[in-house]
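Written out below as structure tokens is the structure these notes cover.
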Amino acid sequence: MLYWLSGLSEGGDLFNLFRYITFRAGAAFFTALIFGFIFGRPLINYLRRTQKKGQPIRDDGPEGHFVKAGTPTMGGILILSALFFSTLLWARLDNGYVWIVLMVTAGYAAIGFADDYAKVSKQNTKGVSGRKRMAMGLALAFVASAWAMWLHPADLTGQLALPVFKDVLVNLWLFFIPFGMLVIVGSANAVNLTDGLDGLAIMPVMIAAGTLGVIAYTVGRVDFTDYLGVHHVPGTGEILIFVSALIGGGLGFLWYNAPPAAVFMGDTGSLALGGALGAIAVVTKHEIVLAIVGGLFVVEALSVIIQVAYFKRTGRRVFLMAPIHHHFEKKGWAEPQIVIRFWIISLILALIGLATLKLR
């Protein structure tokens, strides 16, 4: 919104700074961070008063989780409030890609909120049925994928870009829409599955988002894309504003979510942030790179799929418990040990993802 102040510039003055994505990205980060610090404690106190018993704890979960009973959930509201406030304040609101990502984030936040509310109000872990969640998520992903396909340059419409093999485009035609839906829905649910320990999901989300933000800024600049040999997607640079706000809001949330957590992200946050990552990957034409930088989320989701499929077939389990972070808990790893090691893995994967911009 504040981008309009650049129209008051005559060159070389303060208002000229508002033209620059990097300046507004930095401002968006600090705006969201300060927002989180200011409103974090009041929101947690409100959630604690209204939820009373907090998030229900699974009876079949790791024994160490029972001490977390009474911790309020829906803390994703803090991240998303900071994210939306900061993005709407600093991003160019005439940019369609920004609105795609905002729409997906808001839509999945609504689905997650409904699920969290059902769990808290009924004091069970079932929430909204999986079919309803999936149907609503697919509908949002359909709109986002079709919208992105419509906005993409003509030479990239319906095309799947490959990392490393930068001259190769796979023409998916209209099948790009279901592919984009798979990326968005898969990302949302993978992050949701990862959110099972204090601080486990939010840091990898910020790392993956930061990586995708750099990619979005890069592919939005024709000089960078010419140098790196990647496909130019005009307008995606503005997504860096959204990503910076996400990181700022995420750090503000992590302040209160660090072990022992004062609040849980809940499905409100995890579904929304996962959906946002998927949407960014789709609009920047880096869907496959998301599978690399978000490799931790992929492994978490695969561990559940493998566990369920193998158990149905044989009646036995591959892991002591799925998702895989619970497997390590059952093996005796301390919660902070799991969290920090998973953060390290996420950082390594992010660096590999960034390296694909230069590799050829």
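What to note about this one:
- Between helix 176-194 and the chain: long-axis angle, C-alpha atoms, 0 to 90°, nearest 10: 40 degrees
- Calculated FRET value between Asn124 and Gln337, using beta carbons and R₀ = 25 Å, to 0.05: 0.25
- The trypsin sites (Lys or Arg not before Pro) found in segment 69-155 that occupy coil by DSSP, while having at most 16 further C-beta atoms within 10 Å, are Lys126.
- Dipole moment magnitude, nearest 20 debye, the chain about Cα centre, only Lys, Arg, Asp, Glu C-beta charged: 1180 debye
- Virtual spin-label span in nm between Ala135 and Ile306, 7 Å along Cα→Cβ: 3.3 nm
- Summed residue charge, Cβ within 13 Å of Ala109's Cβ, Lys/Arg positive, Asp/Glu negative: -2
- For segment 97-220, the Kirkwood radius over C-alpha pairs fed into Stokes-Einstein at 4 °C and 1.567 mPa s yields D = 79 µm² per second.
- Under 5 Å from the amide H of Leu160 lie the amide H atoms of Val170, Asn171, Leu172, each residue being 5 or more positions distant or on a separate chain, with H modelled from the backbone and absent for Pro and chain starts.
- Point-to-point label distance, Ile348-Leu169, nm (Cα→Cβ direction, 7 Å offset): 3.6 nm
- Degrees between helix 335-355 axis and first principal axis of the chain (Cα, 0 to 90, nearest 10): 20 degrees
- The long axis of helix 96-122 is offset from the longest Cα principal axis of the chain by roughly 10 degrees.
- Once you reduce segment 186-219 and segment 250-298 to the center of their Cα atoms, the two points are 3 Å from each other.
- Using C-alpha pairs below 8 Å separated by at least 6 residues, the relative contact order for segment 214-360 is 20 percent.
- Accessible surface of Leu43, taken over heavy atoms with a 1.4 Å probe and every protein chain present, rounds to 40 Å².
- Spacing of the two label points (7 Å from each Cα toward its C-beta) at Arg316 and Ala154, in nm: 6.0 nm
- The charge dipole of segment 109-232, taken about the Cα centre with unit charges on the Cβ atoms of Lys, Arg (+1) and Asp, Glu (-1), comes to about 620 debye, rounded to the nearest 20.
- Solvent-accessible area per residue for the chain (1.4 angstrom probe, square angstrom): 44 Å²
- Counting only DSSP H runs of at least 4 residues, each contributing -39500 (n - 2.57), and dividing by the residue count of the chain, the helix-based mean residue ellipticity at 222 nm comes to -21500 deg cm²/dmol.
- Between segment 144-177 and segment 33-55, the alpha-carbon center distance in angstrom: 41 Å
- Over all other residues within a Cβ to Cβ distance under 13 Å of Ala25, the charged ones net out to +2, with Lys and Arg as +1 and Asp and Glu as -1.
The values are calculated or read from the model by the stated rules, or taken from the named source; none is laboratory data. Worth saying up front: this structure is predicted, and the values here are computed from it rather than measured. Every residue, glycine among them, receives a Cβ derived from its backbone with ideal geometry; neighbour counts consider all protein chains shown. Heavy atoms of the whole protein, side chains included, go into the accessibility calculation; ligands, DNA and RNA do not. Shrake-Rupley method; radii C 1.70, N 1.55, O 1.52, S 1.80 Å.
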